[in-house]
Structures are given as structure tokens and as C-alpha cells.
Amino acid sequence: MNAYSAPLRDLRFALHDVLELPALYARLPGSQDVTAELVDAVLEEGARFVEEVLAPLHQSADAEGCHFDPADGSVRTPQGFKAAYEQWVENGWGGLTAPEAWGGQNLPETIGSAIKEMVDAANLSWGNYPLLSHGATEALKHHGEEWQREAFLRPIVEGRYTGTMCLTEPHAGSDLGMLKTRAEPQADGSHAVTGTKIFITGGEHDLTDNIIHLVLARLPDAPAGTKGISLFIVPKFKVGRDGVQGERNAVRCGSIEHKMGIHGSATCVMNFDGAQGWLIGEPNRGLAAMFTMMNSARLGVGLQGLGLMDRAYQNALAYAKDRLQMRSPTGPKAQDKPADPIIVHPDVRRMLLTCKALSEGSRALALHGASLLDVIERSDDAATRQHADELLSFLTPIIKACLTEWAVEATSHALQCFGGHGYIREWGMEQIVRDTRITTIYEGTTGIQALDLLGRKTLQTQGVGLKHFLTMIVEFCTAHTQNPAMTEFIAPLAKSAQDWQQLTLEIGKRAGQNPEEIGAASVDYLFYSGYVVLAYWWARSVAAADAGNQPEAFKRAKRDTARFYFQRILPRTHSHAAAILSGADNLMAMAVEDF
């Protein structure tokens with residue numbers, strides 16, 4: 001009973017009107033042929049695939065889950081997944097943004113991100129399998145040797161192989177410096193990789209001929225800590241330098257996790273017992289290569305949050321228009337019915353508008369992040385690439401953490417709109433909430449993203465990415481200073497930007513006196529930053545709608561939603577600022593034994 005329709009109108013609006021991507025593509029080498037008409041055609045085909053193939057498997061996959069056979073360590077995905085993957089490959093979706101040299105179509109990442117949003121909204125469990133293949137493609141493209149790209153990257157692009165990312169160990173989660181997996185050099189230039197990795201998405205399945213594990217491990221002479229980590233390509237079936245697939249490698253799935261959600265996505269314990277692996281990148285420099293894959297995955301998980309927000313909102317909106325309960329406080333609205341639809345009630349509107357404001361604003365933010373990837377990959381100007389890289393580095397933890405945390409809030413509101421029906425499985429809302437909650441954890445928890453944003457991406461860089469975004473806000477506000485239709489948005493946006501800058505300086509000053517101030521402030525600073533960033537994208541959305549050829553009803557809806565965001569959600573920054581300025585003592589003063 002839970003439905004999904006691809007939000008093509010709003011995707012086109014975000015891509016063409018808000019971000020003005022056709023003009024960007026015209027400036028980027030290798031993208032000049034990507035017209036608005038081409039983008040629309042790709043989106044329409046993508047919508048058809050997710051609505052007809054993936055969405056019908058959404059609830060059945062949750063009920064069935066994956067099947068693990070302890071006799072041989074094999075995993076069978078839910079019914080329909082393999083056929084859907086075969087159709088995905090046949091239609092070329094897996095290679096949409098991959099380089100033409102390796103069999104891809106070389107379309108911009110922004111288009112791939114729009115498709116990914118639809119995939120994850122339609123069926124998040126299924127979407128997890130190609131997610132890390134994209135990250136493996138990026139890692140091999142940037143760090144692999146030529147023969148490795150031919151032997152491993154090409155089959156991934158062709159859809160014959162999928163990729164995984166193997167970081168976490170039972171004793172070492174986010175603290176990668178503690179990992180123990182080892183790699184012993186072999187006479188043929190390969191390495192024997194031994195160790196156990198946990199929480200490996202798609203570590204074993206029945207969708208492809210081979211699975212390529214990118215594994216962090218230590219060489220025998222590696223220094224301690226993160227400076228002694230290398231990255232290895234470890235295939236399920238051995239692959240030599242000639243690209244020929246051989247016998248089964250010494251890697252096996254030991255079990256799959258029984259999770260609260262995404263039941264159709266196999267989360268595996270992977271045991272490596274002297275498995276053949278090939279070093280990718282330089283020895284002891286594995287984190288640099290892995291972060292290429294990890295940052296791709298973090299942006300991808302942000303898109304998962306976006307897709308789930310939108311799906312939840314669609315279903316809650318449909319229910320709120322249909323469900324009859326009580327009368328409007330200002331008198332009957334449905335005179336011919338025994339009660340009014342619940343969408344007339346202020347609190348239901350509060351929940352729906354929160355979903356709408358967070359999801360539509362997040363769409364512009366997420367696609368902006370993808371457009372920065374396109375600039376980094378395609379621009380022929382070094383300064384332009386550096387600027388885009390610095391800005392994306394700053395925005396990545398915001399996109400990953402805020403979009404998934406906002407998805408938890410939005411999907412919870414959407415479920416609440418259903419009342420008692422919300423927690424009944426047949427309506428499908430409780431599944432979306434369960435699936436969504438996981439996205440805030442994998443690929444780096446919200447706390448990890450917050451520390452990355454404040455510590456590494458802001459204070460350690462003297463705020464270079466923050467300054468870039470503040471410049472965007474100042475330029476936009478200056479351009480619309482004389483526009484009376486934008487006054488209600490420009491004034492609070494400009495004030496928020498000034499406060500953001502001053503708050504950051506204050507945190508930096510306090511951190512110089514007490515390093516614990518960073519950890520104490522980080523999550524509140526993450527949300528503070530996210531709300532200001534989203535305010536910018538809502539203001540830009542209103543300006544773009546006013547200037548475009550959209551129907552009047554569409555323009556009104558954008559302005560009304562932006563007004564709701566600025567008046568009811570953006571003020572949350574005040575409470576986050578108050579928490580930050582309260583300092584670290586209220587967190588750290590209590591003795592451990594007093595908890």
C-alpha cells in the first residue's frame with residue numbers, strides 16, 4: 001500500500017532553474033553535449049525503471065530479507081532483486097557516469113545523483129548494491145594502476161562485478177588506527193590478506209559473477225596507527241594481471257546481520273584467510289585512496305536520506321488528503337462529507353510542511369554537491385577545481401549527516417500523519433522509518449561527521465570552505481537587495497550568515513583554550529550550519545521560481561514553503577547556538593561513576 005512516484009518536476013526545477021546546470025555543462029569540457037533535453041530524457045527513463053521495476057519490490061524485500069547458507073557462506077537476495085539488477089545492467093544504468101574509456105557513458109555526476117535519489121526512494125535495500133560499486137569505480141579511477149582498471153574497473157562498469165568497502169573490524173569502528181588485518185607480500189607481487197571485517201554492505205550476494213572488496217590492511221613493516229594502513233583489492237574470485245577470473249579466493253562470508261531495516265541489503269561479516277589481494281595506491285597510504293571511495297559513499301548516503309524523505313512525504317500527503325477526521329477549526333471544508341480531510345488541521349500541516357521544506361531544500365543542496373564533483377572532474381582550470389574541492393570538502397559532512405538526520409525527523413512526522421495506521425506494516429510507513437534510522441549510522445555516524453566538519457574541515461583549514469559558502473550567500477543577498485519580493489528571505493539569510501561566521505570564530509577561540517570544546521560543540525555546529533545552508537537554497541529556489549516559466553501554483557508553493565522554513569525551522573539555529581555557547585563543562589564535569 002506504500003507508493004512512490006519519481007519527483008520529476010522538482011528534479012527538473014532544481015537542475016535547470018535553481019542550479020542552472022545546462023549553463024555549467026556548456027562550460028565544462030566533455031559535457032557540452034549534455035543539454036536540458038538529454039537530462040530530461042534520462043530522468044524520464046530512470047523514473048520508469050524505478051517505478052516499474054524497483055518500487056514493487058520495496059515491501060516484499062523487507063518481509064523476505066536475505067538468505068544466508070552457513071554451509072558455503074553464500075547469500076541469496078530477495079526475490080526479484082537479481083532480475084532487477086540484470087535489467088539495470090542491460091539498460092546501462094551502472095555505467096551512467098563512468099568514463100567512456102572503461103565502458104561508461106561519462107554523463108555528469110549530477111544526473112547520476114538524480115537517478116540515485118529515485119533508486120533509493122523506490123527501493124533502498126536494492127540501491128545499496130550498486131552504491132559501493134560507484135565508490136569502487138572512483139577509487140580505481142583515481143588510484144589504481146592501468147592493469148587494475150582494466151581487470152577490475154571495467155567489469156564493475158559493465159555490471160559483471162560489484163564493489164565493497166571493507167574498513168570496520170570487531171574491535172575497531174571509526175578508530176581505523178586500531179585495525180589488525182594484515183597483508184603479507186607474495187612472490188607474484190600480490191599479497192595474502194588475513195583478517196575479519198564486519199558491517200560490509202553487499203559483501204556477499206547472488207547478483208554478479210564476482211565481488212571486488214577494497215580492504216584496509218597493514219603490511220608487515222607498517223608503522224602504527226593510521227599512517228600504517230594500505231588498501232588492497234581482494235576479489236571473491238581471483239583475478240590476475242591479465243584480467244582473467246580464476247578460482248575461488250580465500251574470502252568468505254561468515255554471517256549476515258539481522259538488522260532493524262534495509263532487510264534486502266546483505267550486511268556481512270567477511271573473513272579473509274590469506275586471500276589474494278593487490279595493493280592499490282602507495283604502501284601505507286591506503287586511507288587517501290579509501291577516502292575517495294568513502295566520500296563518494298557519504299554523498300550517496302545523503303541522497304538516500306533525501307529519497308526516503310520524499311517517499312515518506314508523498315505517502316503522508318496522499319493519506320492526509322484522503323483521511324477524514326473532525327472538522328476544521330474555522331468551519332467545515334468538505335461540506336458533502338461527514339468530516340474534513342486531516343490536511344485542514346494546523347498540526348498535520350506542520351508535519352507535512354516540515355517534510356516538504358526539508359526534502360525539497362535538501363534536493364538543491366545534494367545536487368549542488370554533485371555539481372561540484374563535476375567541476376572537480378571536468379574543469380580545465382586548476383583554481384576552479386581547487387575552489388570546488390574545498391567547498392565540497394566542507395559540504396560533504398553536512399550533506400551526509402543533515403540529510404539523514406532530517407530524514408529521521410521527516411519520516412517520523414510522515415508516519416505520525418497516519419496515526420495508528422502508521423505503525424501497521426501494511427501501510428509501509430514503519431519500514432521507511434526503520435530504513436531511514438540506519439542511514440545516520442553507516443558511512444560515518446552523525447557524531448563523526450560533525451567532528452569532521454568542525455575540527456578538520458573548518459578549524460584546521462582556517463575555514464576555507466566556510467568562507468566560500470559565506471561568499472555565495474553575500475553575493476546572492478547583494479544581487480537581490482533591491483528586490484522587494486525577496487526581502488523577507490534576504491534579511492534573515494544575511495543575518496544568519498554573519499552569526500554563523502561569528503559563532504565559528506568564538507568556537508575556535510574557546511577550542512584554543514580547551515580542546516574538548518570542539519567535541520562539545522560539533523553536533524550543534526553541524527545542525528546550525530545545515531540550517532543556514534538550507535536557508536540559502538530555499539532563498540535561491542524562490543528567486544529561481546519567480547524568474548522562471550513555472551506555473552503560478554508552483555511558484556506560490558515554493559514561496560509558501562520557503563516562508564515556513566524561514567519562520568519555523570531556521571530559528572532552530574538559536575537553540576543550537578545557545579547549546580554551543582554553554583560550553584563543554586556541562587558535558588564533561590560529571591564524574592564517570594556518577595552516571
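What follows draws every value from the coordinates through simple rules; no lab data is involved. Keep in mind it's a predicted model, so treat the numbers as computed, not measured. Neighbour counts are summed over all protein chains in view; Cβ atoms, including those assigned to glycine, are modelled from backbone coordinates with ideal geometry.
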Checklist outcome for this item: In whole angstrom, the spacing between the Cα centers of segment 366-412 and segment 110-169 equals 18 Å
Next on the checklist: Over 28 Å between Cα atoms: which of LYS197/LYS227; LYS82/LYS236; LYS337/LYS555; LYS141/LYS400; LYS259/LYS321 fall into that group?
Outcome noted: LYS337/LYS555; LYS259/LYS321
Checklist entry - Cα centroids of segment 492-555 and segment 248-281: how far apart, whole angstrom? => result 39 Å
Item to check | Computed helical MRE - 222 nm, the chain, DSSP H runs ≥ 4 contributing -39500 (n - 2.57), nearest 500 | outcome: -17000 deg cm²/dmol
Item to check | Hypothetical label at PHE595: residues of segment 506-542 whose amide nitrogen lies under 15 Å (7 Å Cα-Cβ projection) | outcome: 520
Checklist entry - Where a ≥ b ≥ c are the square roots of the eigenvalues of the C-alpha gyration tensor, would you call segment 399-545 rounded, which needs a/c under 1.5, or, failing that, prolate if a/b is larger than b/c, or oblate? => result oblate
Item to check | In order through segment 170-178: 3J(HN,Hα) via Karplus (6.51 cos²θ - 1.76 cosθ + 1.60), integer Hz, x for Gly, Pro | outcome: x, 9, 9, x, 6, 8, 5, x, 8
Next on the checklist: Give me a comma-separated list of calculated 3J(HN,Hα) values for segment 334-350, in order, Karplus coefficients 6.51, -1.76, 1.60 applied at θ = phi - 60°, integers in Hz, x for any Gly or Pro.
Outcome noted: 10, 4, 8, 10, x, 7, 8, x, 5, 5, 6, 8, x, 6, 5, 5, 4
Item to check | For segment 65-223: relative contact order, % (alpha-carbon pairs under 8 angstrom, 6 or more apart) | outcome: 23 percent
Checklist entry - If you line up the long axis of helix 286-322 against the longest principal axis of the chain, both from Cα atoms, how many degrees apart are they, to the nearest 10? => result 40 degrees
Next on the checklist: To check you understand DSSP bridge types, tell me what percent of the beta bridges within the chain (both residues inside) are antiparallel, rounded to 5.
Outcome noted: 85 percent
Checklist entry - Roughly what angle does helix 552-564 make with the longest principal axis of the chain, taking Cα atoms, 0 to 90 degrees, to the nearest 10? => result 80 degrees
Checklist outcome for this item: Restricting to lysines and to Cα separations under 26 Å from LYS509, and discarding same-chain partners fewer than 8 apart, the set is LYS457, LYS467, LYS495
Item to check | Degrees between helix 429-439 axis and first principal axis of the chain (Cα, 0 to 90, nearest 10) | outcome: 60 degrees
